[in-house]
Amino acid sequence: MKVLVTGMAGFIGFHLTRRLLSEGNRVVGIDNLNDYYDISLKQARMKELGFDESLTDGEMKRSRLYGHLRFRRLDLCQREEMDRLFAEEHFDAVINLAGQAGVRYSIENPQAYIQSNVVGFLNVLECCRHHPVSHLVYASSSSIYGLCEHIPYTENDMTDTPVSLYAATKKSNELMAHAYSKLYGIAATGLRFFTVYGPWGRPDMAPSIFLGAMLQRRPIRLFNHGNMRRDFTYVDDIVDGISLVLSHPSQKEVPHRVYNIGNGHPVALLDFVKALEQVSGCRAICKMEALQPGDVVQTYADTRRLAHDFGYRPQVGVDEGVKRFYDWYVRYYGTGITRI
């Protein structure tokens, strides 16, 4: 299968690309390599995939390490270039992981989210319309549940009360994909990711922020006074789910569907911090603060639908996942450790 992975230099895109290649697929990746977070981490991921740092706009590069992997630096908002790419490559499937991430950043930079997550996703849909593919799999988010009070979250729960613009853009993606599925028969599957973590993770996410602060003896800011629960999901389990779904597009009259994809076992934030303390040997200095705009107190995925349809079973618990993350973090950042 020939697969386009958008956002290939990102956290999940990087891991997914390696999985797809190991399964014998041909992969083309695109990414705009923006500086939302330290671009050197994105470049390091790309190096692991066999690309050097001279990834200039518009040039298709071939991996030095993988014979069936190519990459082009491209933004989803470049409509004509996206259309040309689809016309030239004739993809069998598309996995859209590109988009502007981060809940709090969306409050400060709303335009970036509309451009990337709405306009960019529209361009992906239009390309799938004019250059048909067998399946479009796209990243949604647990954040779309917003003010929903039903726990655990099920795919049938209300998603009309987002508490951040980021969440609203992800909800819009689901609505747009459904409309294109109905109008043009595009088989599309949205996956609502729940708090993904692991090696090569984003530095703006809690695991990296917490561990970095602990190793350097800096305070950790715990919002809502630490009374938060997150369905921490190890990245390999996310990749497993995407791989299971990819080769099985919906056969329904309107071939669009959405699934929760998470660990299904929410963890108190303070317990996650304790797990980091255990593997690092460093005690956290916790600074308790009020709940921030755009945050929700708890996320909890009901993954029974994904398990029923595809046999999805998360394999990595938090203790093991935190250990793997810690081992990678110390190897990559080489941070000095001060234990107390």
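The values are calculated or read from the model by the stated rules, or taken from the named source; none is laboratory data. Nothing here was measured: the structure is a model prediction, and the numbers come from that model. Every residue, glycine as well, gets a Cβ built from its backbone with ideal geometry; the counts of neighbours run over all protein chains shown.
Points to keep in mind about this one:
Yes/no per residue for (1) modelled with pLDDT under 95; (2) of a type in the set (D, E, K, R); (3) closer than 30 Å to ASN25 by Cα:
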residue	(1), (2), (3)
GLN216	yes, no, no
GLY226	yes, no, no
THR233	no, no, yes
VAL245	no, no, yes
ALA275	no, no, no
VAL297	yes, no, no
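- Unique match (being touching a Ser or Thr at 6+ places or on another chain (Cβ under 9 Å) and either of a type outside the set (A, V, I, L, M) or not assigned by TED's automatic domain parsing to the domain that holds TYR105 (or both)) among ASN25, ASN32: ASN32
- Checking ARG331 against (1) over 22 Å from ASP157 (Cα atoms); (2) in contact (Cβ under 8 Å) with a residue 12 or more places away in the chain, the condition it does not meet: (2)
- Those strands (runs of 3 or more DSSP E) of region 21-131 in which at least 1 residues are of a type in the set (Asp, Glu) and in contact (Cβ under 8 Å) with a residue 40 or more places away in the chain, considering only elements entirely within it, cover 26-31.
- Considering residues of region 87-101 that are under 15 Å from the mean Cα position of the chain (by Cα) and of a type outside the set (A, V, I, L, M) only, the residue surrounded by the fewest Cβ atoms within 10 Å (Cβ to Cβ): GLN100
- Any helices (runs of 4 or more DSSP H) falling wholly within region 192-296 and containing at least 3 residues that are more than 30 Å from ILE39 (Cβ to Cβ) and either basic (Lys, Arg) or touching a residue at least 24 places away in the same chain (Cβ under 8 Å) (or both): 269-280
- Looking across region 132-147 at every residue that is among the polar types (S, T, N, Q) and not in a helix (DSSP H, G or I), the one that is surrounded by the fewest Cβ atoms within 10 Å (Cβ to Cβ) is identified as SER134.
Matching residues to (1) closer than 20 Å to HIS135 by Cα; (2) at pLDDT 95 or above; (3) surrounded by 14 or more Cβ atoms within 10 Å (Cβ to Cβ):
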residue: LYS2; (1), (2), (3): yes, yes, yes
residue: VAL5; (1), (2), (3): yes, yes, yes
residue: GLY10; (1), (2), (3): no, yes, yes
residue: ARG19; (1), (2), (3): yes, yes, yes
residue: GLU23; (1), (2), (3): yes, yes, no
residue: GLN43; (1), (2), (3): no, no, yes
residue: GLY50; (1), (2), (3): no, yes, yes
residue: LEU65; (1), (2), (3): no, yes, no
residue: ARG72; (1), (2), (3): no, yes, yes
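- Among (1) β-branched (Val, Ile, Thr); (2) in contact with a Leu (Cβ under 7 Å, 6 or more places away or on another chain); (3) not assigned by TED's automatic domain parsing to the domain that holds LEU97 - the single one ILE220 does not satisfy: (2)
- The condition (being in the same structural domain as VAL239 (by TED's automatic domain parsing), among the charged types (D, E, K, R) and within 17 Å of the chain's Cα centre (by Cα)) is satisfied by just one residue among ARG72, ARG62, ARG104, ARG84: ARG104.
- Selection from region 297-327 of residues that are outside any helix (DSSP H, G or I), touching a strand residue (DSSP E or B) at 6+ places or on another chain (Cβ under 8 Å) and either at positive phi or acidic (Asp, Glu) (or both): ASP302
- When SER116, SER140, SER106 are screened for being at pLDDT below 95, closer than 25 Å to VAL235 by Cα, in contact with an Asp or Glu (Cβ under 9 Å, 6 or more places away or on another chain) and polar (S, T, N, Q), only SER116 passes.
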